[in-house]
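Read the structure below first, then the notes.
The values are calculated or read from the model by the stated rules, or taken from the named source; none is laboratory data. If you're wondering where the values come from, they're calculated on a predicted model, not measured in any experiment. Note: ideal-geometry Cβ built from the backbone for every residue, glycine included; neighbour counts use all protein chains shown. To get the accessible areas, we keep the full protein, side chains included, count just its heavy atoms, and leave off ligands, DNA and RNA. Shrake-Rupley method; radii C 1.70, N 1.55, O 1.52, S 1.80 Å.
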Amino acid sequence: MTLDGETISAALADLHLGHLVAIAALSGGTSPVFRLDFDSQVSVTLKVYPDSDGAIGRDSFAAGQLRHIGVPVTRTLLVDETRARLPFRFAVTTHLPGVAAGSLKAHPDIASLYRQAGSLLRELHEVAMPAYGPFGPEGIDDPVASNGLFMRRLIDDAFEQFSAFGAEPRLVDRLRIVVEAHFNAVTSASRGPVFAHDDLHPNNLLAVEDGQGHLTLSGLIDFGNARAADAVFDLAKCLFCFEHDAPGSTVHVLSGYGPIGHPDPDLAVWHYTIIHRMVMWWWLRRVGVIASADTPSDLMDRLRDVAFS
């Protein structure tokens, strides 16, 4: 997608940002995102949202839950869903400095950044929420009071989609037995609903380097999956995503995170990771990254190991 400078300037005139001097596409997300630079030395971010996506309000609500604890997140300056200013739905936010942590894997201070990511996740999990459920533009959609009920809905949907996208019936049945065997022990020990990013990985973190070559976490982005959930459920997703993107990072993330609030943390992380792998597999099938149910996949290999070991 390309943007016309004059059109963008006219669309954002109410923000009084100055004269637009540069537009740069940013990487890391699934929707088009651009940095806009103005002669006032101010930069903002413009994110384009698909017509069928309800995330435009959800992103703003999620980021708003974190401002009071000092987590580096964007502040929304403008939301427009009318397509009157521009021919698409969009939001303009403050711009966070730094580059995606995923581009810094070879940096000599990368272990420190992974520990900072763990500490950041702990901060998110200190934000208590009133119920379990996905975020909407105004709050929690379809909230439920217990982690057991929340996870029951999520697990049932995960198995339905896993089957619908072609997982072999025998594997589905075996995984269901494994998941059910530990369901009560894992889900009943939740300490309550907290802010869960549900997609914390290196490409959703920004970092800057100081003059001594040390990395500092400078931004948390992309709240499309954010919800109120159990902290260990979210930690498991973070470790799963980090280890996929940056093998060997788990020990550093856990070092930054600290003690895991569950009587059997290893079991809980293992159990929740089964669900995260299933959801990731069917989602990649839906978007075509995994072409068919028979396409070789590490996700499926790991799930078979769990089911038939």
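How high is the relative contact order of the chain, given as a whole-number percent (alpha carbon pairs under 8 Å, six or more residues apart)? RCO, the chain: 19 percent. Here the convex hull built on the C-alpha positions of the chain has a volume of 146 cubic angstrom per residue.
For the chain, the per residue solvent-accessible surface stands at 46 Å², with DNA, RNA and ligands left out and a 1.4 Å probe.
Pairwise Cα separations in the range 126-281 fall into 10 Å bins from 0 onward with the following percentages, short to long: 10, 36, 36, 14, 3, 0.
Under 16 Å from a point placed 7 Å out from the Cα of residue 77 along the Cα-to-Cβ direction: which residues of the range 1-19 have their backbone N that close? Counting backbone N atoms under 16 Å from the label point, the list is 5-19. When 150, 165 are compared by accessible surface with a 1.4 Å probe, the order from highest to lowest is 165, 150. In the chain, the longest principal axis of the Cα atoms and the axis of helix 55-64 are about 90 degrees apart.
Of the peptides 287-300, 32-45, the ranking by mean beta-carbon count within 10 Å, highest at the top, reads 32-45, 287-300. Per-residue packing, averaged as other Cβ atoms within 10 Å, sorts the ranges 249-259, 271-281 into the order 271-281, 249-259, beginning with the highest.
Estimated from helices alone, the mean residue ellipticity of the chain at 222 nm is -13000 deg cm²/dmol (sum of -39500 (n - 2.57) over DSSP H runs with n ≥ 4, per residue). Restricting the calculation to alpha carbons of the range 1-123 gives Rg and Dmax of 15.9, 48 angstrom.
Computed over protein heavy atoms with a 1.4 Å probe, the carbon and sulfur contribution to the accessible area of the chain reaches 52%. Helix 298-308 axis versus longest C-alpha principal axis of the chain: approximately 20°, rounded to the nearest ten. Of the GluC sites (Glu not before Pro) found in the range 102-186, the ones in coil according to DSSP and having at most 16 other Cβ atoms within 10 Å of their Cβ are 126, 138.
From a point 7 Å beyond the Cα of residue 245 in the direction of its Cβ, which residues of the range 101-127 have a backbone N at a distance under 18 Å? Those under the cut-off are 101-125.
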